[in-house]
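Scroll down for the structure; my scribbles are underneath it.
The values are calculated or read from the model by the stated rules, or taken from the named source; none is laboratory data. Predicted, not measured: the structure shown is a model, and the values here were computed from it. Quick reminder, even Gly has a Cβ in these numbers, built from the backbone with ideal geometry, and neighbours come from all protein chains shown.
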């Protein structure tokens, strides 16, 4: 189980926070976070349900994290392990996450795949999303995985789709010529674009595209060298 005590900052004011594995007692709070982050017209059936959350804490508890601020759950992040082949990267969110149920979680997978990251709107000025992301990087390192991966929405793309291809849009964001609410955030968290995938999810703002964003384990090659040195 994961637990880390930190301080987050509201301007110059430090506030105690805890990043930890979420549990069954947290389910109602986690569903409330989804409701606040994805209000109507977002379909309510796509919010987390208790069956999905139970799978998260049962199948891969290391990939089920939440953050508390002053004892109140303010955000969450969920992942699963998959075997990812960079030479065959195309997939949909529904396929790779089992529509959020993660019954396809592979204990021997090489990649931690992000299912979801959500922070309550009233807490977003505290940098909680970046803290959750860095904590999930720690899980990647701890388990000796190759990477963290996930598909990022491109909600700013619809405003430029008449003039730019999806790849051109992402390149403009990487070059700082455009700012995207999701992709720019992921870049600031250390993620890098791997590939733009069509029909990644139903999302009119992104024109149904998603950008696979990767964080490579910086200790992976060191681990390989250590195994070779030891004759493993």
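Of note:
- Test: residue in the stretch 189-211 that is assigned by TED's automatic domain parsing to the domain that holds residue 92 and either part of a loop (DSSP other than H, G, I, E, B) or more than 25 Å from residue 74 (Cα to Cα) (or both): no
- Residue 135, sole failed condition from (1) farther than 22 Å from residue 35 by Cβ; (2) touching a residue at least 40 places away in the same chain (Cβ under 8 Å); (3) not assigned by TED's automatic domain parsing to the domain that holds residue 46: (3)
Conditions tested, residue by residue: (1) under 19 Å from the mean Cα position of the chain (by Cα); (2) modelled with pLDDT under 95; (3) within 26 Å of residue 115 (Cα to Cα); (4) not in a loop (DSSP other than H, G, I, E, B).
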site	(1), (2), (3), (4)
148	yes, no, yes, yes
151	yes, no, yes, yes
162	no, no, no, no
171	no, no, yes, yes
176	no, no, no, no
185	yes, no, yes, yes
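- Residues of the stretch 1-44 classified as assigned to a helix (DSSP H, G or I), free of Cβ contacts under 8 Å to residues at least 24 places away in the same chain and farther than 20 Å from residue 121 by Cα, total: 1
- Selection from the stretch 197-221 of residues that are crowded, with 21+ Cβ neighbours inside 10 Å and within 13 Å of residue 153 (Cα to Cα): 200, 206, 209, 210, 211, 212, 213
Every residue, every condition in (1) loosely packed, with under 14 Cβ neighbours inside 10 Å; (2) closer than 19 Å to residue 194 by Cβ; (3) without any contact (Cβ under 8 Å) to a residue 12 or more places away in the chain, yes or no:
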residue: 121; (1), (2), (3): yes, no, no
residue: 126; (1), (2), (3): no, no, no
residue: 149; (1), (2), (3): no, yes, no
residue: 160; (1), (2), (3): no, no, no
residue: 165; (1), (2), (3): yes, yes, yes
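- Any hit, the stretch 102-110, residues being in the same structural domain as residue 128 (by TED's automatic domain parsing), under 15 Å from residue 136 (Cα atoms) and in contact with a helix residue (DSSP H, G or I) (Cβ under 6 Å, 6 or more places away or on another chain): no
- Filtered residue count, the stretch 101-130, keeping only those that are over 28 Å from residue 15 (Cβ atoms), part of a loop (DSSP other than H, G, I, E, B) and touching a strand residue (DSSP E or B) at 6+ places or on another chain (Cβ under 6 Å): 4
- Of the residues making up the stretch 63-100, those that are in a helix (DSSP H, G or I) and touching a strand residue (DSSP E or B) at 6+ places or on another chain (Cβ under 7 Å) are 63, 93, 96, 97, 100.
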